[in-house]
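Okay, structure first, notes after.
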Amino acid sequence: MSDNPFHRLAPFVQEFIYRHNWTELRPVQVEACRVIFDTDAHLLLATGTASGKTEAAFLPIITLLYEKPASTVAALYIGPLKALINDQFARLEDLLKEADIPVWHWHGDVSQAHKARFAKDPRGILQITPESLESMLINRTGELARVFSDLRFVVIDEVHAFMGTDRGRQVQCQLQRLSRLVGVRPRRVGLSATLGDYSLAESWLSAGTDRPVVTPKVGTGERSVRLAVEHFYCPKRQGKNEKDGDGESGEQQQPLDDAVSRYLFDNSKGRKCLIFTNSRGEAETVIASLRQVAQAENFPDIYHVHHGSIAAPLREAAESAMRSPTTPAITAATITLELGIDIGQLERIVQMSAPFSVSSFLQRLGRSGRRGNPAEMCFVCHEDKPTGKEPLPELIPWALLQCIAIIQLYLEEKWIEPIPLVKYPFSLLYHQTMSTLAGCGELAPAALAERILTLPPFKNVSKDDYALFLRHLISIDHIQKTDERGLLIGLGGEPIVRNYRFYAVFADSDEYKVFDQSEEVGSISMPPAPGERFGLAGRAWEVVDIDTKRHVVFAKPVRGRIKASWSGGGGGDVHTRILQRMRKALLEETMYPYLQVHARERIKEARRLSKDAGIDKGNLLSLGGNTYCLFLWAGSIPFRTLSRLLKHVLADDLHIQNLEEFSPYYLTFTMTPEEAKHLYPAMLDAVRECHDPLDLVPEDEAPLIQKYDEFVPPVLLRDGFSADYLSLDELKAVSSHWHLP
């Protein structure tokens, strides 16, 4: 092969490159060609956003498929979002037509007519979500060989979004099951822009196979970055917080303060701007507030909302507006626009409050700064203005500190969170057990155990535990024994497995679709009564009628700002490194150049309060009387572990009461000053002497966290929770840095 892999590409691929005025292949594309052409290994492409990873993977794949056409689907592309799937191959569409390689979409929004055309001649590239692939494995088992018997490549986009989640473990199971059912061993190609430890990603990508993974070390050069962090005090709102229009409190949002709304308006107007929020409710609030300012200023309505509860046509309209090269557009979004959807040349990213991880910060930052321009991101933190009566912990700007910590960890160290390893994904064990029985029909217990326990995510589940698990499912009638001693889906399991929601391993709520006459707007949780109002798609709506049987709400638009909410919400675990860097930011004197006027004043004030309170001298502070605050400066898992240690090991001896968690920032509780003197040595002794985290989970407690945990035997739930959500080792590491009074 020539030193320049360009000459190995098919002639029409070379012509495509000339036609798009590429002067040369990018480094990641050169290396991808070398691995795909010259080896039989899996490939992990881990480079920055807009580095050409999709083309890097598919230009050589298209060449190989052109040189040796496949008789079935040749390449399976698995993406985390339907919008990403819809968008991803637009740049390669003409190229694929010339190669006579069709590209098919397959997810919940794809028409039955499109799926029927694919089923008649299943070949080329199939783009699919994990949920739709699960549906295929269950409902089209007999057709899988006709569809996939010549499958050569599996491309998994946004690998970091799958790793460490049940959805990612579901993908591992699906690929293993597909290989066994069809008898294929496709090469895997993983794409990601934000990975810390490549070895963990390589292990994840190759799970269940005997092929090595090659990760080309491709330098992308230092990016030019512009950062700004601003802070606002907002007047504390009077009166009790009312529930939102849909009656749920999971993601309630107060309307934005006028000062915050004005700042967002002034810093986004006339631009291509993407505003990231940490919840759907906050995205709704931001756009509703901006629309109100724009109306008062006679400014055109260029505002959009993009999240999972917005109807597909409105999401697509937002994406189209963001791609337009000539007109400004502003969209508030959750993770749905964090990933690699092409939304054109963005001028600025705004982050409301702090992201939960460095990985998320980098992914969101990477949405801007393309085509040689600096990446530009502005953080907006806001909190209630204190009355002077708040205790010290409530006077610390936690979100502002978290923004600083996340930024500094990347700027100083290029650090990104490692992916957590899960030993006992019992909710997924239920899902894959039921899915396998639904797809294959009756299986002997030993045959079922062989199929399930050899799937990569379940390597730590023993045969005895799985036998206990199956007996429990039989006892609740989710599976049943046949006269031939086989196992089938039982009467209790049928309605779960046959519901389309079963294909997803993540929990979702039973929402109502909202229609403005015949146009779908989106969905909400339990709706308000006719005549009452709610917020959706950044607008206020009044309920006209409700069809409870079809779960449909008919509404009309009205003026005003209405709070919006859905059940659920909240973020993921925060890593210990972030909390430790937050402490440093609070105690050091450095004034970071990206802090704006109000943020600089707020951090100065917080540092003064912290120094006066002695936070630098110890983790335990008296809040007056018998009330104490413990600043652990540890991530969510060791924080959770210590909280349980206090509650279940030390509470009786030290008379600790009224324990409250403000995870992962601090704990408050009451105890006498005399007992407080013994808290540190008692904690250190307890950390040293506790050897099994299961001791911190009472026998009558079986935490329900994942979607199908309610169907798992309580004894296994306790084991799984203690192993995967608690860590004595992490707590011991943190305790070595405790500052004793």
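If you take the charge dipole of the chain about its Cα centre, with +1 on Lys and Arg Cβ and -1 on Asp and Glu Cβ, which of 713, 397, 144 is farthest toward its positive end?
It is 144.
For a quick check: sort 687, 225 by the number of other beta carbons within 10 angstrom, fewest at the front.
So the ranking, lowest neighbour count to highest, is 225, 687.
Could you list log10 I(q)/I(0) for the stretch 370-497 at q = 0.11, 0.15, 0.21 Å⁻¹, which the Debye formula gives when each Cα is one point scatterer?
Log-scaled intensity ratios, in q order: -0.65, -0.74, -1.24.
Give the cross-link partners of residue 732 among the lysines, using a straight C-alpha distance below 24 Å as the criterion and excluding same-chain residues fewer than 8 apart.
423, 584, 617, 647, 677
Under 13 Å from a point placed 7 Å out from the Cα of residue 609 along the Cα-to-Cβ direction: which residues of the stretch 395-411 have their backbone N that close?
Residues passing the 13 Å test: 395-401.
Explain nothing, just the number: dipole magnitude of the chain about its Cα centre with +1 on each Lys and Arg Cβ and -1 on each Asp and Glu Cβ, in debye rounded to the nearest 20.
Computed charge dipole of the chain: roughly 1580 debye.
Can you run the Rg to Rh ratio on the stretch 646-731? Use alpha carbon positions and the Kirkwood inverse-distance Rh.
For the stretch 646-731, the value is 1.01.
What's the FRET efficiency of residue 384 with residue 500 using the Cβ-Cβ distance as r and R₀ = 30 Å, to the nearest 0.05?
Here the calculated transfer efficiency is 0.10.
Report the normalised scattering of the stretch 5-214 as log10 I(q)/I(0) at q = 0.07 Å⁻¹, calculated by the Debye formula with identical scatterers on the alpha carbons.
-0.19
How large is the charge dipole for the stretch 617-735, taken about the Cα centre, if only the Cβ atoms of Lys, Arg (+1) and Asp, Glu (-1) carry charge, to the nearest 20 debye?
About 520 debye.
Within the stretch 340-446, report the trypsin sites (Lys or Arg not before Pro) that DSSP leaves as loop and that have at most 11 other Cβ atoms within 10 Å.
371, 389, 414
So which GluC sites (Glu not before Pro) in the stretch 634-741 pass both tests, a DSSP loop state and at most 10 other Cβ atoms within 10 Å of the Cβ?
Of the GluC sites (Glu not before Pro), the ones in loops of the stretch 634-741 whose Cβ has at most 10 other Cβ atoms within 10 Å are 699.
Testing the spin-label approximation: label points 7 Å from Cα along Cα→Cβ at residue 103 and residue 71. State their distance in nm.
Roughly 2.7 nm, to one decimal.
If you take every DSSP beta bridge whose two residues both sit in the chain, what share of them, in percent to the nearest 5, is antiparallel?
Among the beta bridges of the chain, antiparallel pairing accounts for roughly 35 percent.
Taking 0.36 nm per residue of separation and subtracting the Cα-Cα distance, what length does fully extending residue 652 through residue 684 add?
9.9 nm
What is the distance, in nm, between label points placed 7 Å from the Cα along the Cα-to-Cβ direction at residue 421 and at residue 326?
My value for the distance between the label points is 5.6 nm.
List 695, 547 from most exposed to least, where exposure is judged by having the fewest other Cβ atoms within 10 Å. Intermediate results must be reported in sequence, preceding the final value.
Values: 695 16, 547 12.
Neighbour counts put them in this order, fewest first: 547, 695.
Give the separation of the Cα centroids, the stretch 163-187 to the stretch 578-632, in Å.
47 Å
Below 8 Å between Cα atoms, with a sequence gap of 6+, how large is the relative contact order for the chain in percent? Present the calculation step by step, with values, prior to reporting the outcome.
Details: 1342 pairs, mean separation 96.9, N = 741.
Here the relative contact order equals 13 percent.
In the neighborhood of residue 628, defined by Cβ-to-Cβ distances under 12 Å, what is the net charge if each Lys or Arg adds +1 and each Asp or Glu adds -1?
-1
Of 326, 591, 361, which is farthest along the charge dipole of the chain in the positive direction, counting Lys and Arg as +1 and Asp and Glu as -1 at C-beta?
Farthest towards the positive end: 326.
Quick one: go through the stretch 451-466 and flag any residue whose amide nitrogen is under 13 Å from the point 7 Å out along the Cα-to-Cβ line of residue 141.
Of the residues in the stretch 451-466, 451-452 have backbone N under 13 Å from the label point off residue 141.
Counting other Cβ atoms within 10 Å, keep those with at most 11, restrict to DSSP loop, and tell me which trypsin sites (Lys or Arg not before Pro) in the stretch 463-552 are left. Mind dumping the intermediate values first?
On the way: sites: 463, 471, 481, 485, 498, 501, 513, 533, 539, 549, 550; in loops: 485, 498, 549, 550.
Here the trypsin sites (Lys or Arg not before Pro) that fit, given the DSSP loop and packing criteria, are 485, 549, 550.
Given R₀ = 41 Å, FRET efficiency for residue 471-residue 508 by Cβ-Cβ distance, to 0.05?
The computed FRET efficiency comes out at 0.90.
Could you give me the ³J(HN,Hα) list for the stretch 700-707, computed from phi with Karplus coefficients 6.51, -1.76, 1.60 and θ = phi - 60°, whole Hz, x at Gly and Pro?
Taking θ as phi minus 60°, the curve returns 8, 10, 9, x, 9, 10, 8, 4 Hz for the stretch 700-707.
May I ask you to compute the full-extension gain from residue 234 to residue 299, defined as 0.36 nm times their residue separation minus their alpha-carbon distance, rounded to one decimal in nm?
20.9 nm
May I ask you to compute the full-extension gain from residue 517 to residue 483, defined as 0.36 nm times their residue separation minus their alpha-carbon distance, rounded to one decimal in nm?
6.8 nm is the gain from fully extending residue 517 to residue 483.
In vacuum, with every alpha carbon of the stretch 426-503 counted as one equal point scatterer, what does the Debye formula give for log10 I(q)/I(0) at q = 0.25, 0.27 Å⁻¹? Two decimals, please.
So the normalised log intensities work out to -1.33, -1.52.
All of the numbers you see were taken from the coordinates with simple rules; none came from a lab. These numbers come from a predicted model, not from an experiment. Glycine also receives a Cβ, built like all others from the backbone with ideal geometry; neighbour counts cover every protein chain displayed.
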